[in-house]
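Following: one structure in structure tokens, then a few remarks.
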Amino acid sequence: MTDAARTGDLEAALRVVVPALDTHLQSPATGTHFGPDAPWRALLDTPVPQQGAGDMATLRALAETVVPDAQRMTGPGFLGWITTGSTVVPAVARLVASLAGTQRYLGHSTGLLESVALRWLAEACLLTGMDGVFSSSGSVANLLAMGAARQQAFEKLGHDPARSGMRDLPPGRIYASTEVHHCILKAAGVLGMGRDAVTLLPVDEGQRVDVAAVRAALEADTRDGAIPVAVIGIAGTTNTGAIDDLAALADLADEFGAWFHVDGAYGLFGRLDPRLVERYDAVDRADSVVVDAHKWLCVPTGIGATFVRDRDILGRAFTGEPSDYIEGAFETDVQTSPWDSMGPPFHDWTLDLSAPSRGLVVWSALHEIGVDGLRARVVRDIDYARTLADLVRAEPSLELLGEPELSICCFRYRAPGLDEEQLDDLNHQLVRRLHATSPYVPSATRVNGHFAIRPCFINPRTEQTDVAELVRWVCEIGDDLVAVRG
Ligand SMILES: Cc1ncc(COP(=O)(O)O)c(C=O)c1O
């Protein structure tokens, strides 16, 4: 038995799994075995082994049992939620980071890339005067931004909420539309303000927040003594990709002395599309901006970023206080080895201390395709959504449920004589049948009360022809379901 871990024979290890991964990358999104009787279940769901199977047997299990029935978000027809399989270079970069960039700190090349990648990401998204920190997700990235907002709001009143807690403080409020991602509610809960602190305001037909309603809520709450902590503008909602009126929200945040946060976890990259760039002008007035590299930049899952004007406020909100084993151990500026300098104190600006160099992965993605390549991808995906909208408009049995702003296009199948409940039911069945029988995996949502088929185009492997094929499959399955109903 060879022991790849002990001998360091990485090449031999990769020779076992790479062919399986290559086959995986050529496979459609659907078509794996699933359910309680799936053969892989019994092979994988065993008691913990007392004796290890050894390296090659383990790698073979990965190649033969796990990968063939693994999730195929890399398939060109995968169009669900706002997630996608990584492209190859950042996936390999993650492997590099896992062995050569175990921690994002210290004075090695991998430590430097944490900072370089943050700067590159900011430059790509036209963020000026902002510094960032990587975290594991858009959810955590938004939590960090809300922590900074809470810190600012209560520091202005002479309190340090991160140090002393929220007891005896007036209630803080966060303002966002009903379309806001629920990680904001979670953040308010974690930060001790409570999920109810998020005031969810109505949206217009285009799913953009009703600015007059935000003003009314701010006025009423400040009259009642609540503290306006943050006004959130969504640069690309999760459901439909709508972009709020960021300028109007920035004005309101200014007027009421609140932190202005832009959640661009999905949609900030839309700023690269020359047709949309002006919609993002007010991002320049944001106190914090979030973007997820693991969405449109197509790196492996686990990389979000928060940008703020001054990272000191993140430090005040998230420090654990200096410790002997970190700050106390890096006393000198004179480096005699890469181990002498920790580099920027990322752990003070976010939740985790140990973290791999996520910068290395983001750096590799941007190094590979550049800003021009990223822009081409974004423009192409937005074009896919617009093409789909045109095809839906031209097809009598389909109904567009909103003009796409970014790369999400929500629509449904229609049939005469069916009421709303029946249409919801029909479309629900249609999506399930698509997942089961076609190469296409869009997700679903509700738009203005209607059950919607919701493809989101961020998958770099999706082709122009897939757009028309998706429509063909939807119509075919819809027609069939209607025929069966009689
Ligand atoms: C606008 C927005 N914010 C935040 C999130 C949460 O991001 P994550 O899934 O990386 O935690 C999402 C996820 O889709 C999102 O669309």
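The values are calculated or read from the model by the stated rules, or taken from the named source; none is laboratory data. Note that the structure is predicted; figures quoted are calculated from it, not measured. All Cβ positions, even for glycine, are placed from backbone atoms using ideal geometry, and neighbour counts span all protein chains on display. Ligands, DNA and RNA are excluded from the accessible area calculation, which covers all protein heavy atoms including side chains. Shrake-Rupley method; radii C 1.70, N 1.55, O 1.52, S 1.80 Å.
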Filtering the stretch 257-303 down to residues that are open to solvent by 10 Å² or more (accessible area, probe 1.4 Å), in contact with a Ser or Thr (Cβ under 9 Å, 6 or more places away or on another chain) and over 26 Å from residue 175 (Cβ atoms) yields 294, 300, 301, 302
Considering only helices (runs of 4 or more DSSP H) wholly within the stretch 2-90, the ones with at least 1 residues that are among the polar types (S, T, N, Q) are 4-7, 10-26, 55-61
By residue number, the members of the stretch 205-220 that are over 20 Å from the mean Cα position of the chain (by Cα), outside any strand (DSSP E or B) and surrounded by 15 or more Cβ atoms within 10 Å (Cβ to Cβ) are 210, 211, 213, 214, 215, 217, 218
Exactly one of 394, 415 is farther than 22 Å from residue 82 by Cα and free of Cβ contacts under 8 Å to residues at least 24 places away in the same chain, and that one is 394
Of the listed residues (283, 190), the one being closer than 30 Å to residue 351 by Cβ and touching a residue at least 60 places away in the same chain (Cβ under 8 Å) is 283
Residue 467 fails exactly one of (1) out of contact with any Leu (no Cβ under 6 Å at 6 or more places or on another chain); (2) assigned to a helix (DSSP H, G or I), namely (1)
With the structure loaded, tell me whether residue 169 is open to solvent by less than 50 Å² (accessible area, probe 1.4 Å), in a loop (DSSP other than H, G, I, E, B) and touching a helix residue (DSSP H, G or I) at 6+ places or on another chain (Cβ under 7 Å) or whether it fails that test. yes
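So which residues in the stretch 134-172 are of a type in the set (D, E, K, R) and within 24 Å of the chain's Cα centre (by Cα), if there are any at all?
So the first thing to find is which residues in the stretch 134-172 are of a type in the set (D, E, K, R), and the list is 150, 155-156, 160, 163, 167-168.
Residue satisfying the conditions is 150 alone.
Hey, can you tell me all the residues within the stretch 248-275 that are outside any helix (DSSP H, G or I), of a type in the set (A, V, I, L, M) and within 16 Å of the ligand (Cβ to nearest atom)? Don't jump to the end; show me each part of the working.
Initially, the stretch 248-275 is screened for residues outside any helix (DSSP H, G or I), giving 257-266, 273-275.
Filter once more, so that each one left must be of a type in the set (A, V, I, L, M): 258, 262, 265.
262, 265 - these are the residues of the stretch 248-275 that are outside any helix (DSSP H, G or I), of a type in the set (A, V, I, L, M) and within 16 Å of the ligand (Cβ to nearest atom).
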Residue 229 vs (1) more than 16 Å from the ligand (Cβ to nearest atom); (2) surrounded by fewer than 22 Cβ atoms within 10 Å (Cβ to Cβ); (3) among the hydrophobic types (A, V, I, L, M, F, W, C): all pass except (2)
Problem - Residue check for residue 237: touching a residue at least 40 places away in the same chain (Cβ under 8 Å), open to solvent by 20 Å² or more (accessible area, probe 1.4 Å), assigned to a loop (DSSP other than H, G, I, E, B) and within 16 Å of the ligand (Cβ to nearest atom) - result: no
> Residue check: is residue 306 among the polar types (S, T, N, Q), within 16 Å of the ligand (Cβ to nearest atom), within 16 Å of the chain's Cα centre (by Cα) and open to solvent by 50 Å² or more (accessible area, probe 1.4 Å)?
Replying inline: no
Checked against (1) more than 26 Å from the chain's Cα centre (by Cα); (2) free of Cβ contacts under 8 Å to residues at least 12 places away in the same chain; (3) exposed (fewer than 13 other Cβ atoms within 10 Å of the Cβ), residue 476 satisfies every condition except (3)
The residue that is most open to solvent (accessible area, probe 1.4 Å), considering only those in the stretch 361-417 that are polar (S, T, N, Q) and in a loop (DSSP other than H, G, I, E, B), is 397
